[in-house]
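Heads up, the thing below is written out as structure tokens.
The values are calculated or read from the model by the stated rules, or taken from the named source; none is laboratory data. Being a predicted model, the structure only gives us computed values, none of them experimental. Here the Cβ positions follow ideal geometry from the backbone for every residue, glycine too, while neighbour counts run over all protein chains shown. Just so you know, the surface numbers come from the protein's heavy atoms only, side chains and all, with ligands and any DNA or RNA stripped out. Shrake-Rupley method; radii C 1.70, N 1.55, O 1.52, S 1.80 Å.
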Amino acid sequence: MREKKYGWKGWKMPILHLNDPDYCEFGCPICRNARKGNQLARYIQAIEMTLTFGGCWWGRARERKYGVKPNETLLSE
């Protein structure tokens with residue numbers, strides 16, 4: 001799987017493409033850093049997961065495509 005690039009190091013969200021699971025995987029600054037172990041990002045992500053019942057649009061699209069929640073890492077291929 002090839003890594004996609006997103007503007008402003010991920011801070012430019014693809015608002016018109018809410019079903020883009022690769023944004024959660026490669027672009028989202030909160031989800032990417034939370035999966036890497038950043039404690040602040042994990043805290044923010046936990047709040048987001050609780051309030052939205054499973055994460056943002058891109059996180060839910062990632063779960064549909066890859067079968068893992070936004071706070072879980074993908075198994076290497």
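Here is the figure for segment 46-56: residues that are of a type outside the set (Val, Ile, Thr), more than 9 Å from the chain's Cα centre (by Cα) and open to solvent by 20 Å² or more (accessible area, probe 1.4 Å) total 5. Only one of the numbered conditions (1) exposed (fewer than 15 other Cβ atoms within 10 Å of the Cβ); (2) within 12 Å of the chain's Cα centre (by Cα); (3) modelled with pLDDT under 90 is not met by Lys36, and that is (3).
Among the residues of segment 15-31, those identified as surrounded by fewer than 18 Cβ atoms within 10 Å (Cβ to Cβ) and either without any contact (Cβ under 8 Å) to a residue 24 or more places away in the chain or part of a helix (DSSP H, G or I) (or both) are Ile15, Leu16, His17, Phe26, Pro29.
Would you point out which residue out of Tyr6, Tyr43 is touching a residue at least 12 places away in the same chain (Cβ under 8 Å), open to solvent by 30 Å² or more (accessible area, probe 1.4 Å), more than 17 Å from Thr73 (Cβ to Cβ) and not polar (S, T, N, Q)?
Sole residue among the options that is touching a residue at least 12 places away in the same chain (Cβ under 8 Å), open to solvent by 30 Å² or more (accessible area, probe 1.4 Å), more than 17 Å from Thr73 (Cβ to Cβ) and not polar (S, T, N, Q): Tyr6.
The set of residues in segment 43-77 being more than 22 Å from Glu3 (Cα to Cα) and in a helix (DSSP H, G or I) consists of Tyr43, Ile44, Ala46, Ile47, Glu48, Met49, Thr50, Leu51, Thr52.
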